[in-house]
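Engineer: First, the structure itself, so that you have it in front of you.
The values are calculated or read from the model by the stated rules, or taken from the named source; none is laboratory data. Just so we're clear, the structure is a prediction, and the values are computed from it rather than from any experiment. As a convention, Cβ positions derive from the backbone with ideal geometry for all residues, glycine included, and neighbour counts pool all protein chains shown.
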């Protein structure tokens, strides 16, 4: 077992001479460490392409999974080792092996690996493939803020209107995360900016941006005609929810655009009923300054 551990150390440090020695001694090339990581996994993770080539030549299983079902290809995609990605695929690794529906393309999109994303789609992975939670590569790229990858995915057929299993669209995610430039790009593609998210009380992108205090996104959505009176399942409008969360800058913007201060939710509560105590005086002043 000690020699088996040593081959992992040698692989992690890219020591080809030591790896050869251990293999010559009869070490199982596809044996794994405590986490199921093989010598190939380690070499791929650290980006040692010559060692990766050698291990493949010696019979390393390119589709071997670790204990959490990571393959060498997913690791290479995550780390951005494009040449290793190409090498693995040239040696017949299965590009469609997934981990809970999460494919190498999801991984590359989530980590912003532009060239790898392009290559994998050209190799046949569906640009709109969903993981087990309904996330497409565009959802992942959006969540992590990779605008150029999003543009590439759209150019290659990615659908901006697709919802995940919770009803999240890419725009909803971008709005909640505060990715202003991504929101701006989505708006430029003429998508519906008021699409509601079923699992989030049927709130709109404007509503969720206001809740998370994404002031820049709120302003951008308002400038582009977002419905500032859209109600969620509780009867809350963007202004109602901004007051509920004490987000004063968002409140200022919504009032500037004419949001109704007399709104009540389904329980009959008005803005004054739901103000947080922490900045109640500030909010009272804000609402008082915008008397109708």
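Engineer: Going through segment 1-33 one residue at a time, which ones are in a loop (DSSP other than H, G, I, E, B) and either surrounded by 16 or more Cβ atoms within 10 Å (Cβ to Cβ) or in contact (Cβ under 8 Å) with a residue 12 or more places away in the chain (or both)? Outline the logic, then answer.
Structural biologist: In the first step, residues of segment 1-33 are kept if they are in a loop (DSSP other than H, G, I, E, B); the result is 1, 13-15, 25-33.
Hits for segment 1-33 are 13, 14, 15, 25, 27, 28, 29, 30, 31, 32, 33.
Engineer: Is it true that some residue in segment 40-47 is surrounded by fewer than 19 Cβ atoms within 10 Å (Cβ to Cβ) and out of contact with any helix residue (DSSP H, G or I) (no Cβ under 9 Å at 6 or more places or on another chain)? Working first, answer last.
Structural biologist: Going residue by residue through segment 40-47, those that are surrounded by fewer than 19 Cβ atoms within 10 Å (Cβ to Cβ) are 46-47.
Of the ones still in play, those that are also out of contact with any helix residue (DSSP H, G or I) (no Cβ under 9 Å at 6 or more places or on another chain) are none.
No, segment 40-47 contains no residue that is surrounded by fewer than 19 Cβ atoms within 10 Å (Cβ to Cβ) and out of contact with any helix residue (DSSP H, G or I) (no Cβ under 9 Å at 6 or more places or on another chain).
Engineer: Okay, next question. Residues in segment 214-232: is at least one assigned to a helix (DSSP H, G or I) and under 21 Å from residue 135 (Cβ atoms)?
Structural biologist: Quick first cut of segment 214-232, residues assigned to a helix (DSSP H, G or I) only: 215-223.
Now narrow it down to the ones that are under 21 Å from residue 135 (Cβ atoms): 217.
Yes, that holds for at least one residue.
Engineer: Hey, any hits in segment 250-264 for a residue that's in a loop (DSSP other than H, G, I, E, B), over 27 Å from residue 180 (Cα atoms) and touching a helix residue (DSSP H, G or I) at 6+ places or on another chain (Cβ under 6 Å)?
Structural biologist: Yes: one or more hits.
A quick yes/no check of all residues on (1) within 17 Å of the chain's Cα centre (by Cα); (2) farther than 20 Å from residue 147 by Cα; (3) modelled with pLDDT under 95; (4) not assigned by TED's automatic domain parsing to the domain that holds residue 151:
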{"residue": "177", "(1), (2), (3), (4)": "yes, no, no, yes"}
{"residue": "184", "(1), (2), (3), (4)": "no, no, no, yes"}
{"residue": "188", "(1), (2), (3), (4)": "no, no, no, yes"}
{"residue": "192", "(1), (2), (3), (4)": "no, no, no, yes"}
{"residue": "201", "(1), (2), (3), (4)": "no, yes, yes, yes"}
{"residue": "212", "(1), (2), (3), (4)": "no, yes, no, yes"}
{"residue": "220", "(1), (2), (3), (4)": "no, no, no, yes"}
{"residue": "229", "(1), (2), (3), (4)": "no, yes, no, yes"}
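Engineer: Related question: Cβ contacts < 7 Å: first residue closer than 13 Å to residue 204 by Cβ, restricted to segment 175-190; second residue assigned to a loop (DSSP other than H, G, I, E, B), any location; separation 6+ or different chain. Result?
Structural biologist: Listed pairs, sorted by first residue: 175/214; 176/212.
Engineer: Continuing with this model, one more query. When residues of segment 55-67 are filtered for being closer than 17 Å to residue 18 by Cα and buried (at least 18 other Cβ atoms within 10 Å of the Cβ), how many remain?
Structural biologist: Residues that pass the stated criteria total 3.
Engineer: So which helices (runs of 4 or more DSSP H) stay within segment 54-113 end to end and still have 3 or more residues that are modelled with pLDDT of 95 or more and over 25 Å from residue 147 (Cα atoms)? Reasoning before the result, please.
Structural biologist: Working: elements: 72-79, 82-90, 104-110.
Where helices (runs of 4 or more DSSP H) fall fully within segment 54-113 and carry at least 3 residues being modelled with pLDDT of 95 or more and over 25 Å from residue 147 (Cα atoms), they are 82-90.
Engineer: Same structure again: Exactly one of (1) part of a loop (DSSP other than H, G, I, E, B); (2) surrounded by 16 or more Cβ atoms within 10 Å (Cβ to Cβ); (3) at negative phi is unmet by residue 267. Its number?
Structural biologist: The number of the failed condition is (2).
Engineer: For residue 169, are the conditions met, namely being over 14 Å from the mean Cα position of the chain (by Cα), modelled with pLDDT of 95 or more and either farther than 23 Å from residue 236 by Cα or assigned by TED's automatic domain parsing to the domain that holds residue 243 (or both)? If you could, list the steps in order and put the result at the bottom.
Structural biologist: Numbers: over 14 Å from the mean Cα position of the chain (by Cα): no; modelled with pLDDT of 95 or more: yes; either farther than 23 Å from residue 236 by Cα or assigned by TED's automatic domain parsing to the domain that holds residue 243 (or both): yes.
When the stated conditions are applied, residue 169 does not pass them.
Engineer: Can I ask one more? State yes or no: is residue 128 touching a strand residue (DSSP E or B) at 6+ places or on another chain (Cβ under 8 Å) and under 22 Å from residue 177 (Cβ atoms)? Even if it seems obvious, please write down each step before you answer.
Structural biologist: Numbers: touching a strand residue (DSSP E or B) at 6+ places or on another chain (Cβ under 8 Å): no; under 22 Å from residue 177 (Cβ atoms): yes.
No; evaluated as a whole, the condition is false for this residue.
Engineer: Scan segment 153-174 residue by residue and report those that are surrounded by fewer than 21 Cβ atoms within 10 Å (Cβ to Cβ) and either in contact (Cβ under 8 Å) with a residue 12 or more places away in the chain or outside any helix (DSSP H, G or I) (or both).
Structural biologist: Of segment 153-174, the ones surrounded by fewer than 21 Cβ atoms within 10 Å (Cβ to Cβ) are 154-157, 159-167.
Scanning segment 153-174 gives 154, 156, 157, 159, 160, 161, 162, 163, 164, 165, 166, 167.
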